[in-house]
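Participant: Here it is, the structure, as structure tokens.
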Amino acid sequence: MNSAHIQVMLRKLGCTKIKPGGQWIYSSCPLAPWTHAKLVDNHPSFSVAISEGNSGCTCHACNFKGSLVELLWKIQIRSGEDQSEVMEFVSTHNGMTVEQMTERLEAQGERLKNPELVSARPAFDPQKEVAGIKGVQLSFGMAMSEKDLRILPEETLVEKFLPVEHRSSTGIRNYLVNERRFSLEVLKKWEVCWDAKFGRITIPIRDCKGRLVGHSGRAFREGVTPKYMHAKGFKRDYYLYGEQFFTENGTGVGCLTEGFFDVMRLQSYGYATGAVMGTHLSDFQLEKLVRFFNRVVIVPDGDKPGREAAEAWCEKISKRLPCRIVSMRDGDDPDDLTPAEARELIGPPEVQP
């Protein structure tokens with residue numbers, strides 16, 4: 001294939017940063033969504049040889065090396081998408097008919113199957129549900145499966161931690177009830193505990209089925225680092241804090257925040273709220289929003305990192321759901337809002353704009 005034909009083919013495969021160089025055409029790797037560590041090829045490592053016959057191609061990042069026929073075969077089995085249009089184009093300019101290309105693929109099928117690459121992307125199964133995400137079809141380098149997740153025994157909360165409402169010490173009670181303005185009823189609902197070993201507030205985390213999947217320890221005194229300590233093995237990207245109280249109807253409005261206390265506050269006012277438990281919104285968490293809501297209102301922290309995170313979330317969410325960001329005062333967090341302030345910013349809990 002000549003230079004122009006190869007460049008057209010690469011564009012058809014969704015490659016970017018296409019650039020000729022000598023006897024090669026360089027671009028991003030079309031296998032990146034399944035074989036690259038970051039699932040993207042920001043620094044093009046893929047090249048196709050300019051040749052009169054069956055051009056070969058190489059990726060120095062994922063170590064793929066083979067013909068264009070092999071490349072198309074690998075893309076098809078990983079994406080599950082028909083590549084017949086590209087196959088037709090390649091056959092027209094590569095000296096082989098589609099039938100010959102298909103025969104070669106079938107003949108080399110077993111050799112071309114790389115178990116590591118084939119299993120890199122989970123197969124789509126609409127009946128399967130893992131961690132509250134239906135279908136399990138995401139462009140992730142690792143397949144999400146039950147063995148990747150931990151369901152903790154309920155005894156964990158009893159054996160390791162003491163519920164705050166039973167805590168006699170005035171320090172932690174004073175902080176949560178008087179300084180943070182949480183009632184004992186709210187603290188009990190969210191099962192807030194005290195970890196005597198590490199001297200931290202412990203917040204249990206449950207999935208959408210109410211199963212205990214992790215817990216996070218929060219420092220309550222200034223200057224203590226790290227501020228949060230998550231349970232070993234807890235994969236927070238799979239969950240939204242507060243999702244156990246979501247109603248699966250797909251017609252409601254969900255509020256999205258950064259932290260635990262934000263969720264406790266807004267849910268106490270009647271808003272369906274979830275927290276990303278940080279500033280990064282993962283694809284898994286986005287799938288949760290799509291499953292449970294048809295609109296999203298982002299309630300960010302009133303500082304620069306919070307606003308920047310909210311902008312990134314909104315850009316990502318708006319591709320799937322209507323989304324808007326409320327404007328917070330400088331220095332305010334969502335859990336600082338009064339009921340009246342929340343209604344003014346977000347709207348009434350059940351009839352949100």
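Participant: Please enumerate the residues belonging to segment 206-238 that are hydrophobic (A, V, I, L, M, F, W, C), surrounded by fewer than 18 Cβ atoms within 10 Å (Cβ to Cβ) and part of a strand (DSSP E or B).
Facilitator: The one that is hydrophobic (A, V, I, L, M, F, W, C), surrounded by fewer than 18 Cβ atoms within 10 Å (Cβ to Cβ) and part of a strand (DSSP E or B): 229.
Participant: Output the number of the condition that residue 14 fails; it satisfies all remaining conditions of (1) modelled with pLDDT of 85 or more; (2) more than 30 Å from the chain's Cα centre (by Cα).
Facilitator: Among (1) modelled with pLDDT of 85 or more; (2) more than 30 Å from the chain's Cα centre (by Cα), the lone unmet condition for residue 14 is (2).
Participant: Quick one: which of 310, 272 is more than 24 Å from residue 206 (Cβ to Cβ), surrounded by 21 or more Cβ atoms within 10 Å (Cβ to Cβ) and touching a strand residue (DSSP E or B) at 6+ places or on another chain (Cβ under 7 Å)? Even if it seems obvious, please write down each step before you answer.
Facilitator: On the way: 272 fails: more than 24 Å from residue 206 (Cβ to Cβ).
Just a single option satisfies the conditions, and that option is 310.
Participant: Given the conditions (1) farther than 23 Å from residue 92 by Cβ; (2) at pLDDT 90 or above, and given that residue 22 satisfies all but one, which numbered condition is not satisfied?
Facilitator: The failed condition is (2).
Participant: Within segment 19-27, does at least one residue satisfy the condition of being over 28 Å from residue 283 (Cβ atoms), over 24 Å from the mean Cα position of the chain (by Cα) and either among the hydrophobic types (A, V, I, L, M, F, W, C) or outside the structural domain of residue 93 (by TED's automatic domain parsing) (or both)?
Facilitator: yes
Participant: Still on this structure: So residue 185 fits all but one of (1) farther than 28 Å from residue 287 by Cβ; (2) modelled with pLDDT under 90; what number is the exception?
Facilitator: (2)
Participant: Also, quick follow-up: Is there any pair with a first residue in segment 55-66 that is in a strand (DSSP E or B) and a second that is loosely packed, with under 15 Cβ neighbours inside 10 Å and of a type outside the set (S, T, N, Q) whose Cβ atoms are under 6 Å apart and which are 6 or more apart or on different chains, and what are they?
Facilitator: 58/65
The values are calculated or read from the model by the stated rules, or taken from the named source; none is laboratory data. Values in this document were obtained by computation on a predicted structure and should not be read as measured data. When we count neighbours, we look across all protein chains shown, and the Cβ atoms used for this are built from the backbone with ideal geometry, even at glycine.
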